[in-house]
Every structure is written in C-alpha cells, then in structure tokens.
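Following: one structure in structure tokens, then a few remarks.
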Amino acid sequence: MPLYVKDDEVLELARELQALIGASSKTEAVRTALRNEIDRQRQVLPVAERLARSRQLAAEIGTPDPDFDFKAFRADLWDEA
C-alpha cells in the first residue's frame, strides 16, 4: 500500500535523508528513519518494561534446583571426564 506524503517539508526531509544515507529511494530512507526511531524509543523505555519479557521467562522456568551440579553439567557439555 503506498504512502502518500502531502507535506513539502516531510518530502524535503526524506530527500535529504536519502542523499545522506545513500538510500535508493525516499521510501528506503523513510523506512530506515522509522526503524531507527522505533529502536531509539525502545531504548528509552523504563528498565522494568524492557525487562518484563525476561522476568516472564524466568517465572516460567521457575526457581533453581539447589541440587543442580553445574560442574558435572559443564563437563558433560564439553565431554570432559
């Protein structure tokens, strides 16, 4: 679906960005700008929100096994005797 820009300033900004980053089209320049802004916004989310998925995974895994022998586990991974 096409994106029509009716604002001259936005079109000029897209052209300028296209030239600066060597994009093949204004669409590619806008795509890059949008992706970069989405990434930037995700970085400014509060730490609690950024870590929510990690906390959810940790909750699904459950509490650690106090009898887990990490040394034996590691040796098994590396085929060590």
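Table: residues versus (1) in contact with a Lys or Arg (Cβ under 8 Å, 6 or more places away or on another chain); (2) exposed (fewer than 10 other Cβ atoms within 10 Å of the Cβ); (3) part of a helix (DSSP H, G or I).
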{"site": "R31", "(1), (2), (3)": "no, no, yes"}
{"site": "D39", "(1), (2), (3)": "no, yes, yes"}
{"site": "R55", "(1), (2), (3)": "no, no, yes"}
{"site": "D67", "(1), (2), (3)": "no, yes, no"}
## Note on the structure
Of the residues in segment 41-51, those that are surrounded by 10 or more Cβ atoms within 10 Å (Cβ to Cβ) and over 14 Å from the mean Cα position of the chain (by Cα) come to none
### Message
All but one of (1) surrounded by 10 or more Cβ atoms within 10 Å (Cβ to Cβ); (2) of a type in the set (D, E); (3) at pLDDT 95 or above hold for E9; state the number of the condition that does not hold.
### Response
(1)
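Taking the options V10, V5, name whichever one is of a type outside the set (G, A, S) and part of a helix (DSSP H, G or I).
Testing whether each residue is of a type outside the set (G, A, S) and part of a helix (DSSP H, G or I) leaves just V10.
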### Task
For segment 13-24, enumerate the residues that are exposed (fewer than 12 other Cβ atoms within 10 Å of the Cβ) and either modelled with pLDDT under 95 or part of a loop (DSSP other than H, G, I, E, B) (or both).
G22, S24
### Query
Being at pLDDT below 95 and among the small types (G, A, S), is that true of even one residue in segment 25-36?
yes
### Long-range neighbours under 7 Å by Cβ, at least six apart or interchain, first residue under 14 Å from V10 (Cβ atoms) and without any contact (Cβ under 8 Å) to a residue 24 or more places away in the chain within segment 20-41, second of a type outside the set (D, E) and outside any helix (DSSP H, G or I)
A29/A23
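The values are calculated or read from the model by the stated rules, or taken from the named source; none is laboratory data. These figures come from a predicted structure and were not determined experimentally. No Cβ is skipped: glycine too gets one built from the backbone with ideal geometry, and neighbour counts run over all protein chains shown.
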